[in-house]
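Data block below; observations after.
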Amino acid sequence: MQIAPALHKLAWRKNESVATALTNGQWKRGLRLLSTTEEVNQYIELWSLLQEVQLGEQPDDISWRFSANGTYSSSSAYRIQFVAAFPDHDWQRLWKTKAENKCKFFGWLILQNKLWTADRILKNGGQANAICTLCRSTPESAVHMMAGCSYSIQVWTSSASMGIILQQLPQTSYRSLKRWWTAMIGDTGTQASQQREQIVTYIAWNIWKERCRRVFDNKTMNPSQLVLLIKQDIQNWRTANDFWEE
Ligand SMILES: [Zn+2]
């Protein structure tokens with residue numbers, strides 16, 4: 001199974017045991033600096049696949065939550081190929097979004113629940129104000145900030161003129177955020193969906209930026225001010241990249 005051929009070429013410890021490589025993400029240290037988009041894409045894909053892999057008790061025995069008894073067998077190895085073929089999110093598409101890299105990287109982080117929102121900071125023993133600074137009424141989490149917060153809902157609703165229709169979050173688990181994100185973009189493969197993906201990414205990024213503005217700079221913008229800023233961001237990107245003339 002070739003998940004990441006370009007990465008395999010880059011790795012310098014090819015014969016390390018699976019356990020050593022997976023413990024604390026050791027395998028990432030075996031990679032030299034990533035330089036091409038292909039390598040970065042494969043890194044992201046491999047990283048997201050490895051999130052699903054769990055080590056068993058026996059040395060060099062892999063178990064994953066998709067197999068019934070958790071032990072390695074050729075049939076479960078066969079099955080993981082389908083997992084590889086159908087990752088839980090279209091990461092390739094996310095990475096191709098017509099947006100600045102920092103915004104795409106943000107999208108990638110939040111969909112993996114890797115963003116340092118208050119709930120995560122507190123869970124990891126850090127100090128943070130537990131309450132969302134946008135609505136000042138509900139505990140802050142990635143899911144709340146994006147899809148449940150009254151402030152963010154106003155921002156999404158005011159973005160209807162850009163063709164974005166706010167979707168209901170199926171459940172309040174961070175895993176459902178990926179499905180929600182996909183539902184916001186709708187049918188793929190068209191210029192309209194590329195445009196929606198760009199807009200969703202910039203809205204999400206700006207909601208996070210507004211949150212950080214409040215937490216770190218003690219400054220606030222109301223939803224309509226933020227929507228103006230979002231429109232400006234998107235316009236700037238399109239002007240700089242001649243997006244619709246490609
Ligand atoms: Zn809130």
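The values are calculated or read from the model by the stated rules, or taken from the named source; none is laboratory data. None of the values given here were measured: they were computed from a predicted structure. Note: ideal-geometry Cβ built from the backbone for every residue, glycine included; neighbour counts use all protein chains shown.
Give me a count of the residues in the range 185-202 that are part of a loop (DSSP other than H, G, I, E, B) and charged (D, E, K, R).
1
I'd like to verify a number: residues in the range 93-113 that are farther than 17 Å from W180 by Cα, without any contact (Cβ under 8 Å) to a residue 60 or more places away in the chain and surrounded by fewer than 17 Cβ atoms within 10 Å (Cβ to Cβ), how many?
Here the count works out to 3.
Which of the residues spanning the range 129-138 are more than 6 Å from the ligand (Cβ to nearest atom) and either under 23 Å from the mean Cα position of the chain (by Cα) or among the aromatic types (F, W, Y) (or both)?
Scanning the range 129-138 gives A130, I131, T133.
For the range 120-128, check the following and say yes or no: at least one residue is touching a Phe, Trp or Tyr at 6+ places or on another chain (Cβ under 9 Å), over 17 Å from E210 (Cα atoms) and more than 13 Å from the ligand (Cβ to nearest atom).
Within the range 120-128, one or more residues are touching a Phe, Trp or Tyr at 6+ places or on another chain (Cβ under 9 Å), over 17 Å from E210 (Cα atoms) and more than 13 Å from the ligand (Cβ to nearest atom).
Residues T172, T182, T157: which one is part of a loop (DSSP other than H, G, I, E, B), of a type in the set (S, T, N, Q) and assigned by TED's automatic domain parsing to the domain that holds L228?
Answer to the check: T172.
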